[in-house]
Amino acid sequence: MITFQRIDGTPVYYWRSGRGNTTLRNWQATQAFYDSLVLWIRDLRSLSSGYGSITYLVSAGFYVNKPGEHGSGTAMDLDHVRWSGGQVSSPLDRDHASGTLAVRRRYLAVDAVCRRRFRYALDGWYNAAHEDHIHSDFGGLPVRCVTGSESDTKFVQALCNNFMSSGLVVDGIWGPKTQSAFNTAKSRLGTTGDPHTSSAAWQSFLSAAARRGFANQAF
């Protein structure tokens, strides 16, 4: 395990015991997971560059003494992101359920960036336990879009609904309507390859979706 207070220079705060707290905190993770966090935040900076730099992150935890990926030091719970331009994305405030489309799209953009680097991302659509954070972990690498994954399917369904008004039921079941909407999304985003089998194709799709989300542009 290594101990860190920043990810690639960006401070990571803890708000669960005090909203707005900017006291630096000692977090722990494996070196390999931290290295992926660095790649993740660099992706986030690049894809959201129109917002300026990332001022800070807020997390509910990385290594936590409990079973699973958190107990292995290979997980992150993301609560909040703030940019120097004043924009925020706040899973802690349940932005996935916001009444403002631009806020939901920004949440999905952050969600997409998490999925570029971490196989499992559990978001507000996944279940009630994740309504106030986005969980990302190493389990099951490499990254790709798995039609049998409830998390991946709900993400794609929510993405298509919020960017294309697809009218899908976000039920985690990959059926013909979800496949058709996904094919349309891939076409409109100009991505090629098979995201179900190719990590590069999935990452390309996620990058294109994130750019649209940060720009609040439909597919």
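The values are calculated or read from the model by the stated rules, or taken from the named source; none is laboratory data. Please read all numbers here as calculations on a predicted model, not as lab measurements. A quick note on method: Cβ atoms are made from the backbone with ideal geometry, for glycine too, and the neighbour counts reach across all protein chains shown. Accessible surface is based on the protein model in full, side chains and every heavy atom, while ligands, DNA and RNA are left aside. Shrake-Rupley method; radii C 1.70, N 1.55, O 1.52, S 1.80 Å.
Which residues, counting only those in region 129-145, are surrounded by fewer than 18 Cβ atoms within 10 Å (Cβ to Cβ) and without any contact (Cβ under 8 Å) to a residue 60 or more places away in the chain? Show your work before the answer.
Initially, region 129-145 is screened for residues surrounded by fewer than 18 Cβ atoms within 10 Å (Cβ to Cβ), giving 129, 131, 139-142.
Ala129, Glu131, Gly140, Leu141, Pro142, listed by residue number.
Can you name the residue in region 38-53 that is among the hydrophobic types (A, V, I, L, M, F, W, C) and open to solvent by 10 Å² or more (accessible area, probe 1.4 Å) and is also farthest from Gln28 (Cα to Cα) among such residues? Taking the candidates together, the pick is Leu47.
Which of the residues spanning region 163-213 are part of a helix (DSSP H, G or I), among the β-branched types (Val, Ile, Thr) and either within 20 Å of the chain's Cα centre (by Cα) or within 19 Å of Asp111 (Cβ to Cβ) (or both)? Step through it out loud before you land on a result.
Narrowing region 163-213 to residues part of a helix (DSSP H, G or I): 163-164, 176-189, 199-213.
Imposing the further condition that a residue be among the β-branched types (Val, Ile, Thr) reduces the set to 178, 184.
Answer for region 163-213, where residues must be part of a helix (DSSP H, G or I), among the β-branched types (Val, Ile, Thr) and either within 20 Å of the chain's Cα centre (by Cα) or within 19 Å of Asp111 (Cβ to Cβ) (or both): just Thr178.
In region 54-77, the residues that are on the phi > 0 side of the Ramachandran plot and open to solvent by less than 10 Å² (accessible area, probe 1.4 Å) form Cβ pairs under 8 Å with partners that are outside any loop (DSSP other than H, G, I, E, B) and aromatic (Phe, Trp, Tyr), at six or more places apart or across chains, as follows: Gly61/Trp27; Gly73/Phe33. Of the residues making up region 167-210, those that are open to solvent by 60 Å² or more (accessible area, probe 1.4 Å), among the hydrophobic types (A, V, I, L, M, F, W, C) and either at pLDDT below 95 or closer than 22 Å to Gly140 by Cα (or both) number 2. Restricting attention to region 3-32 and to residues that are open to solvent by 40 Å² or more (accessible area, probe 1.4 Å) and in a strand (DSSP E or B), the residue that is nearest to Val110 (Cα to Cα) turns out to be Arg6. Put simply, of Asp43, Asp111, Asp35 the only residue that is out of contact with any Gly (no Cβ under 8 Å at 6 or more places or on another chain), in contact (Cβ under 8 Å) with a residue 60 or more places away in the chain and outside any strand (DSSP E or B) is Asp43.
Scanning region 23-81 for residues that are more than 16 Å from the chain's Cα centre (by Cα), among the charged types (D, E, K, R) and closer than 20 Å to Gly124 by Cβ turns up just one, Glu69.
Hey, does region 153-166 have a residue that's hydroxyl-bearing (Ser, Thr, Tyr), open to solvent by 10 Å² or more (accessible area, probe 1.4 Å) and farther than 20 Å from Ser46 by Cβ?
First pass over region 153-166, keeping only residues hydroxyl-bearing (Ser, Thr, Tyr): 153, 165-166.
Cutting the leftovers down to open to solvent by 10 Å² or more (accessible area, probe 1.4 Å) gives us 165-166.
This time we only want the ones that are farther than 20 Å from Ser46 by Cβ, so: 165-166.
Yes, region 153-166 contains at least one residue that is hydroxyl-bearing (Ser, Thr, Tyr), open to solvent by 10 Å² or more (accessible area, probe 1.4 Å) and farther than 20 Å from Ser46 by Cβ.
Could you please find all residues in region 114-125 being charged (D, E, K, R), open to solvent by less than 10 Å² (accessible area, probe 1.4 Å) and not in a helix (DSSP H, G or I)? Quick ask: steps written out before the conclusion?
Within region 114-125, the subset charged (D, E, K, R) is 115-117, 119, 123.
Subset that is open to solvent by less than 10 Å² (accessible area, probe 1.4 Å): 115, 123.
Asp123 - this is the single residue of region 114-125 that is charged (D, E, K, R), open to solvent by less than 10 Å² (accessible area, probe 1.4 Å) and not in a helix (DSSP H, G or I).
In region 89-108, the residue that is least open to solvent (accessible area, probe 1.4 Å) out of those that are out of contact with any helix residue (DSSP H, G or I) (no Cβ under 6 Å at 6 or more places or on another chain) and more than 19 Å from Ser136 (Cα to Cα) is Ala102.
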